[in-house]
Structures are given as C-alpha cells and as structure tokens.
Amino acid sequence: MRWDRLFDDLEGQLERELSAEEFDLRAEEERLRIGRLTVRDRLIAIGECGHATEQSVGVLLTTGEQLVVRPSSFGRDWLLAELANEDRRSRCVMPLAGVAALLLTRSQIEASLTQPENPVNERALSARLTLPFVLRDLCRRRAAVSLHTAAGDAHGTIDRVGRDHLDLAVHEPDRPRRSRAVTQYRVVPLDQLLLVRL
C-alpha cells in the first residue's frame, strides 16, 4: 500500500516537472517570437484584428506631429494609409523611418502581439517593394504630391527618384506641373521624408 502511494507521489512530481518545463519552453518561444517582431509586423497584426475603429492607428512622427491613419498596404519600409484626422479624405505614403512611436489602445497592443492567422508572405511582391520604387511609380504617373519633412512641407510633382533622394518640381497645389508654374526645384534625401500626401 505504501509503495503505491510512493509511486503515485513520484508520478505526480514528474508530471508537474514536465508541465513546468513545457510551460517554460512555451514562454521562451513566445519571448523569442516577440523579440523578432518589427513595427511593420505589429501594424499588420492590428490591421487583421477586423474592427474598423481598431484599424485606425495613432502615429507620432519624428517631428512630434501626431496623426491618425488607417493602413491599407505595406511595403518593406513604408505603408500606404488613409489619413483619418483630415477634413477631406486623403491618402499618404509613410516611410516607417519617419515614425517615432505608435500611439495604441490596450486592445491594439494586444492585437499587435498576436500571431497572424494568415501570415504575410514576405516573398510577395508588395512586401519586397521599397520606398524608392513607390516614389518612382508616382513620378511615372506625374502625380501631384505634398512632401512633409522635418524642414517643412512642399507641394509639387516628382521629376525623378534616385537611390537615396528625389527631385521635386515645386508648384502651387491647384496648378499642373508646367515649366512656368514651377517656382523651385528641390532635391530631397529620402531619409528626410516623413509623409507623402497623395
């Protein structure tokens, strides 16, 4: 009888130790997974949470300006979003390097840490596109844009995009890009871009 109790006690101890070891292993795996998350990953996870109000994210730019955006597409180092705190509906391309902080709610924090049900395929074309590629597309389309940098804003048309800079023909927002309408040409380093309004 005593031997049965002894073996039951040993079996219980072994199960507790195995459970504790398994719990520790899962906790360590979760810490490693979270350690690999990027700001981009967390924004994508928030977008997958499904609630339209929760998909609006507060963003603090490196200049201290606060915006509310609804991200819709992500590249490798940028996101396309609708500006939610504007009177009129406008979209923007936001380099992730211009983000100083995400201003999230408690539920967004939790959502941002979840493992997505449908993980983003990092080999997909959109996930590999860099900021210069997107800016070159805007240049080809001759789209009028407003550049927001730490030094101020400028409106115009992108004439060309280099590896680390772009040329902007500055003109009035309500006028098309014509030689006589251009008041100035700016060469803007891409690392100075905080926001490109479309």
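Looking only at Cα atoms, what is the convex hull volume of region 136-198 per residue, in Å³?
Hull volume over Cα atoms, normalised by residue count, gives 76 Å³.
Which cross-chain or sequence-distant (5 or more) residues have an amide H under 5 Å from the amide H of residue 175, H modelled 1.01 Å from N in plane?
none
What percent of all Cα-Cα pairs in the chain falls in each 5 Å bin, counting up from 0?
Final binned percentages: 1, 7, 13, 15, 15, 12, 9, 6, 5, 3, 3, 3, 2, 2, 2, 1, 1, 1, 0, 0, 0.
I'd like the Karplus ³J(HN,Hα) series for region 159-170: coefficients 6.51, -1.76, 1.60, θ = phi - 60°, whole numbers in Hz, and an x wherever there's a Gly or Pro.
7, 7, 10, x, 5, 10, 7, 9, 9, 10, 8, 7
Please give the net charge around residue 160, taking every other residue with its beta carbon less than 15 angstrom from that of residue 160, where Lys and Arg add +1 and Asp and Glu add -1.
Summing Lys/Arg as +1 and Asp/Glu as -1 gives +3.
Each residue of region 76-84 in order: what ³J(HN,Hα) in whole Hz does its phi give by Karplus 6.51 cos²θ - 1.76 cosθ + 1.60, θ = phi - 60°, with x for Gly and Pro?
Using θ = phi - 60°, the values come out as 5, 10, 8, 9, 9, 8, 9, 7, 7 Hz.
Under a 5 Å amide H to amide H cut-off, with H placed in plane at 1.01 Å, what residues pair with residue 90 once short-range neighbours are removed?
83
Just want the ordering: 109, 44, 158, from fewest to most Cβ atoms lying within 10 Å of their own Cβ.
109, 44, 158
Starting at the first residue of region 125-130, write each ³J(HN,Hα) from the Karplus equation 6.51 cos²θ - 1.76 cosθ + 1.60 with θ = phi - 60°, in whole Hz, x for Gly and Pro.
Taking θ as phi minus 60°, the curve returns 4, 4, 6, 9, 5, 9 Hz for region 125-130.
Laboratory data are not the source of any read-out in this text; all were calculated from the coordinates shown. Given the structure is predicted, the values throughout are model-derived calculations rather than measurements. Counting neighbours? That spans all protein chains shown, and the Cβs are built from the backbone with ideal geometry, glycine included.
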